[in-house]
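Every number in this text was worked out from the coordinates using simple rules, so none of it is lab data. Since we're looking at a predicted model, the values are computed, not measured. Cβ placement follows ideal geometry from the backbone for every residue including glycine, while neighbour counts extend to all protein chains displayed.
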């Protein structure tokens, strides 16, 4: 049995949805973070992306969610999960202008408590903090006037 303070971990590429906090991106190799023009922002195997929309260092988390007492649920339901059992490869996260994170490559997305989990090869993740389907984007960034 798993201790409640332990975080689940998964091999390959993973994105952990932290309660009231960022998306923790990890990989056994390297994740490419790029802008919409495919310019490289970062190549690393572990970093935190803002999902509240308030960071002054977007797309990275700077802890602004703590100062503003933001509530961001960690649990989710995914109706589009895919079987990635036999897939390997790099994860590429594209930061769309004034919009979502677009991910491509095999990845496990999970809540810190381990109660929510899905696997995908592509997804759009919310970074404005307004989606009603977090961690996934539902296009609320348009109505909210999100700018980054």
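Of the residues 67, 134, 43, which exhibits the maximal mean-square fluctuation in a Gaussian network model of the chain defined by a 10 Å Cα contact cut-off? In the Gaussian network model the winner is 67. Put a dot 7 Å past the Cα of residue 10, heading toward its Cβ, do the same for residue 96, and the two dots end up 2.1 nm apart.
In whole percent, what relative contact order does region 49-129 give with Cα contacts below 8 Å and a gap of six or more residues? Can you show the working numbers first?
Numbers: 132 pairs, mean separation 24.9, N = 81.
Computed value for region 49-129: 31 percent relative contact order.
Calculate, for residue 142 and residue 30, the FRET efficiency according to 1/(1 + (r/R0)^6) with r their C-beta to C-beta distance and R0 41 Å; round to the nearest 0.05. Each step should come with its number before you reach the end.
Numbers: r = 32 Å, r/R0 = 0.78.
Here the calculated transfer efficiency is 0.80.
The structure shown yields Cα Rg over 2.2 N^0.38 Å, and of the options (i) 1.16; (ii) 1.06; (iii) 0.98 that calculated value carries the label (iii).
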